[in-house]
Amino acid sequence: MADRSASRGISRDQWAAQIAALDDTRAVSRSRKAPITVGRIVDTAFQLVEAEGFEALTMRRVAAALQTGPSSLYAHVRNKAELDDLLIGELCAKVTLPTPDPAQWKEQVLDVCRQLRDQYLRYPGISRAALAGTPNSLDTLRIGEGLLTILLTGGVSPQSAAWASDAAFLYVSAHSFEASLRQSPGEDGDGKAIDKAEIVERFKMLPESRFPNTVAYARELTHGDEHDRFDFTLELLLRGLTTARS
């Protein structure tokens, strides 16, 4: 093989140039950026929200994280509203819908709502995007279809089922958004954390003549964690539904 190469008359300089070109090719390969795709944009947006919260999410911030300009993103995602819709759709796609069971319809609705809540709570404030407008993602609409089907299977009338499924989805989004705001307790003018204990004490400071029940039931008003309140509200909503079997 060495003899055949020599017969071609390649000079030492040409040989050295070929070796140098090998190094250049490897350097270019290492430095070549991965192409911008919708998937990379969405993944980067999630990372940003998880680290800094939904308020920090802008197209410009995502572009900077991908080491490109905003115009490169707009070729794949039209605007921030579409990006928000994609994010909510991605989270909804992770929710498992059960096979509707008329004997377990309330528990099934609660399970779907809890799953969605837990997805939202992974990314502080992201559920605000679900409150912004009508969803365009089929993955998001899948949740609405699933809740509606469970309620109808349970014997709830079509109109009540439609309103209840919408109310449940709205409550999950609002609850998750409020919960994200409470992850970092506020401070008063003296720098003291305004936590649950502080709220109780402030309620008790109110004049009983004007706020008799707030003072008397200050602990009840602040009792329970976020999940307790979440389940209570949804169970209250579901108990209020009449069914063909009741």
Rounded accessible area of residue 113 (nearest 10 Å², 1.4 Å probe): 0
Projected label distance in nm at residue 145 and residue 219, using a 7 Å step from Cα toward the beta-carbon: 5.0
Listed residues 120, 217 arranged by accessible area, highest first, probe 1.4 Å: 217, 120
Among 54-62, 97-105, 123-131, the order from most to least packed when residues are scored by Cβ within 10 Å on average: 123-131, 54-62, 97-105
Residue-wise HN-Hα coupling along segment 97-110, computed from phi with Karplus coefficients 6.51, -1.76, 1.60 (Hz; x: Gly, Pro): 8, x, 6, x, 10, x, 8, 10, 4, 5, 4, 5, 4, 4
Amide H contacts of residue 156 (H built 1.01 Å from N, under 5 Å, at least 5 apart or other chain): 244
Alpha-carbon centroids, segment 117-153 and segment 27-90: separation in whole Å: 22
Amide H within-cut-off set for residue 136, under 5 Å, with H built and near neighbours excluded: none
Distance between modelled label sites at residue 196 and residue 74, nm, 7 Å Cα→Cβ extension: 4.8
Contour minus Cα-Cα distance for residue 114 and residue 205 (0.36 nm per residue): 29.2 nm
Environment charge of residue 68, counting only residues whose C-beta is closer than 13 Å and scoring Lys/Arg +1, Asp/Glu -1: +4
Solvent exposure ordering (accessible area, 1.4 Å, most first) of 96, 44, 233: 96, 233, 44
Largest-first principal axis extents of the Cα set of segment 44-193 (Å): 52, 49, 22
Rounded to the nearest 10 Å², the accessible area of residue 121 at probe 1.4 Å: 50
Exposure ranking of 160, 71, 137 by accessible area [1.4 Å probe, largest first]: 71, 160, 137
Derived scalar couplings ³J(HN,Hα) [segment 81-87; Karplus, 6.51 cos²θ - 1.76 cosθ + 1.60; whole Hz; x for Gly, Pro]: 4, 5, 4, 4, 5, 5, 5
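The values are calculated or read from the model by the stated rules, or taken from the named source; none is laboratory data. Quick caveat, the model's predicted, so the values are computed rather than measured. Counting neighbours? That spans all protein chains shown, and the Cβs are built from the backbone with ideal geometry, glycine included. Side chains included, ligands, DNA and RNA excluded: accessible areas come from the protein's heavy atoms. Shrake-Rupley method; radii C 1.70, N 1.55, O 1.52, S 1.80 Å.
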